[in-house]
Amino acid sequence: NDDPAQKLITVLDPAAGEGDLLLPLLELPHREFVHCSAIEISAERAFIARTRLTALAPTLYPTAFEGVKLPKKTLSLVVTNPPYFFVNGKRAEYTFVVKTTDALVDGGILVAIIPARVAWDRKMVNFWTRWFDDIRIWKFPSEAEGEEECPFEKYTQIVVVGRKRHDPRDLDEAQVKALLAYRWRKDADGNEGWAGSIAPP
């Protein structure tokens, strides 16, 4: 298809910080087909992100994610490392995932960096299972694996990736159970580890 509109890739980072998750887009061979947007509540970090991503000509909103209305089915890709805390009684990670999923086109990709300890719970897994196909999970490297800047031990971070479905499916309990095996938890004796005893790659 030679229609440029059909080649446009719309990308959003709804908690952009200094733009780290969007930096790889600078290496794409055809950046002219990427429309990059970012939301960042800190004016200082938003300025840094805009400066670092100048070649992408990003649309950057220096505001809180909660105050932005995202049009439905307009994004090809969402990459997010949402804040790790509660907002109005709900995990912020869950709120970010739900709101950005609504904005993804059918077949769009969501990449979320979240803590396996507090955010990867039954509610979150149920949502991913209903709305996404091809779900993949990876863990951050640990100190033992040589990671120094942000080792797994600090926030128990996992990266969850999925392809949005056209319609939600009925819950597949076997898939829910398999995904919940990657929850980081503490047992009755105070020992921490993966619910399913095996770490994601």
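The values are calculated or read from the model by the stated rules, or taken from the named source; none is laboratory data. Model, not experiment: these values are computed from the prediction. When we count neighbours, we look across all protein chains shown, and the Cβ atoms used for this are built from the backbone with ideal geometry, even at glycine. Each accessible area value is taken on the protein alone, full model and side chains, heavy atoms only, with ligands, DNA and RNA left out. Shrake-Rupley method; radii C 1.70, N 1.55, O 1.52, S 1.80 Å.
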Open item on the list: Of everything in the range 119-148, what is under 14 Å from residue 160 (Cβ atoms), out of contact with any Pro (no Cβ under 8 Å at 6 or more places or on another chain) and among the hydrophobic types (A, V, I, L, M, F, W, C)? Give them in sequence order.
Closed with: 119, 120, 124, 125, 127, 128, 132, 135
Task: Residue tally, condition of a type in the set (A, V, I, L, M, F, W, C), open to solvent by 60 Å² or more (accessible area, probe 1.4 Å) and at pLDDT 95 or above, over the range 144-174 - done: 1
Open item on the list: Can you confirm whether residue 177 is surrounded by 12 or more Cβ atoms within 10 Å (Cβ to Cβ), more than 20 Å from the chain's Cα centre (by Cα) and either touching a residue at least 60 places away in the same chain (Cβ under 8 Å) or more than 13 Å from residue 112 (Cα to Cα) (or both)?
Closed with: yes
Task: Condition met for residue 183 (buried (at least 16 other Cβ atoms within 10 Å of the Cβ) and at pLDDT 95 or above) - done: yes
Open item on the list: Looking only at residues that are out of contact with any Ser or Thr (no Cβ under 9 Å at 6 or more places or on another chain) and open to solvent by less than 60 Å² (accessible area, probe 1.4 Å) in the range 94-113, which one is nearest to residue 165 (Cα to Cα)?
Closed with: 101
- [ ] Hey, can you tell me all the residues within the range 27-59 that are among the aliphatic types (A, V, I, L, M), more than 17 Å from the chain's Cα centre (by Cα), under 24 Å from residue 7 (Cβ atoms) and buried (at least 20 other Cβ atoms within 10 Å of the Cβ)?
- [x] 34, 53, 56
Task: Among (1) hydroxyl-bearing (Ser, Thr, Tyr); (2) without any contact (Cβ under 8 Å) to a residue 12 or more places away in the chain; (3) touching a Lys or Arg at 6+ places or on another chain (Cβ under 6 Å), the one test that residue 142 misses - done: (3)
TODO: Taking residue 7 as meeting all but one of (1) surrounded by fewer than 18 Cβ atoms within 10 Å (Cβ to Cβ); (2) out of contact with any Phe, Trp or Tyr (no Cβ under 6 Å at 6 or more places or on another chain), write down the number of the exception.
DONE: (2)
Open item on the list: Can you tell me how many residues within the range 74-109 are modelled with pLDDT under 95 and of a type in the set (Lys, Arg)?
Closed with: 2
TODO: Tell me which residues, restricted to the range 78-93, are surrounded by fewer than 17 Cβ atoms within 10 Å (Cβ to Cβ) and among the polar types (S, T, N, Q).
DONE: 88
